[in-house]
Amino acid sequence: MKELYEDVLLNVYEYLSPSDLRALCGVNKRFLLGNAPAMHWVWVGHLARKWNISEDIVRNFVAMNCSEIRSIYPMSHGVIGRITSDDVDHELRMDAEALLFEFVGRVGESNRSIQGDVCFPAIVTQPKSFMDSVLQFVSNFAESARDSMDKDVLCIHNPTAINESSCHVCPFAYESLSGSISYYTKPRHISYFEVHIKPPSSPPALLPELGVGIQIPAEEEEELGGGGITRTPQTCVAVGLSTKHFCRDKRLPGWDAESFGYHGDDGAIFHKYGRPVSTFGPQFGCNDVVGCGVNHNDNTIFYTLNGAFLGVAFTDAPCNKELYPTVGIDANVSVQLNFGLKPFQFNLVQHLHQQENQ
């Protein structure tokens, strides 16, 4: 191996899976140190692919050595990079990769929702047998012993020092005190996204008689929980979370048991039914930025508005289901989502620090 050039070694290592690389790094200290540059480049590539971001971001903004990358890799989760919908009537104008969409249908007649193409990390604690626990302990001990030989390992990146069952590592951009852009890469137990509501690029398509309420059809009313709902053609954007079973082409988030939503037309929160659970926060609409997060430690869902924390809206987020960021729209506006590739308006770093100190 010593006779091979570093670029040849790099090509050889790139064929190895992350699990094979972890095993190779554990052979001995001399091998790891002797091939450190090549191994670091390979680990950067693996981490960038799992995070769904470019390798340049990892190299330029994420200061980690091989040991740190190895320790966080198992709990890493990709940044959501696309949005999807079931818009069979072509009432959504959507740029999936730019995370931008616009409703061009008739307000008050249609409801359309989009989801991120990837769910938030599913934090599901599986019961372990005694033998599984023993094997996990031995594996963690061996990994810890190897990592302790590297003096510059950050303890926060050591999975043996944190509760892996409720944490994940998914980078997000934030503005540092100096004004420069940095990326938060520590394990965290909160998933979060923001929605920026913008003016439409096309003229609105409203109903002819804006004063007339629209009665939800009987079959749909029954699905939504009844209650004799009469919905007026008032514009509404709804932000929340839903499972993969949520009906995206007919409902706003919160109108069934598969979703949770905060609605801008009345400031109310919805879950299971087409009627509000309660009034939660201010109304919101065009030019507002709404944030939604889930705390995997206590299965709560919280919201923010224009950078301000509104509080916890739901305390019963399912811990055994995959939850997708969801936005419902019944308004002629343009909506852009941010999953962390640019700084959030809400100070998520400060919020994470506050949660850690509680």
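The values are calculated or read from the model by the stated rules, or taken from the named source; none is laboratory data. Since the structure is predicted, the reported quantities are computational estimates derived from the model, not experimental observations. Cβ placement follows ideal geometry from the backbone for every residue including glycine, while neighbour counts extend to all protein chains displayed. Protein only, heavy atoms only, side chains kept; ligands, DNA and RNA dropped before computing areas. Shrake-Rupley method; radii C 1.70, N 1.55, O 1.52, S 1.80 Å.
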note = Reported set for segment 98-110 where residues are open to solvent by less than 10 Å² (accessible area, probe 1.4 Å) and assigned to a loop (DSSP other than H, G, I, E, B) is GLY105, VAL107, GLY108
Residue list for segment 54-79, restricted to those being more than 13 Å from VAL169 (Cα to Cα), assigned to a loop (DSSP other than H, G, I, E, B) and either open to solvent by less than 30 Å² (accessible area, probe 1.4 Å) or touching a helix residue (DSSP H, G or I) at 6+ places or on another chain (Cβ under 6 Å) (or both) = MET64
ask   = If we scan segment 291-302, do we find a residue that is in a loop (DSSP other than H, G, I, E, B), modelled with pLDDT of 95 or more and not small (Gly, Ala, Ser)?
value = no
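Which of the residues spanning segment 269-288 are within 26 Å of GLN336 (Cβ to Cβ) and surrounded by 20 or more Cβ atoms within 10 Å (Cβ to Cβ)?
ILE269, PHE270, HIS271, PHE284
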note = Residue set ASP330, ASP266, ASP249; condition open to solvent by less than 30 Å² (accessible area, probe 1.4 Å) and of a type in the set (D, E, K, R); output residue ASP330
note = Going through segment 43-88 in order, the residues found to be in contact (Cβ under 8 Å) with a residue 24 or more places away in the chain, touching a Lys or Arg at 6+ places or on another chain (Cβ under 9 Å) and either under 27 Å from ASN111 (Cα atoms) or aliphatic (A, V, I, L, M) (or both) are VAL44, ILE72, THR84, SER85, ASP86, ASP87
task = Would you mind stating whether PRO282 is modelled with pLDDT under 95 and assigned to a loop (DSSP other than H, G, I, E, B)?
result = no
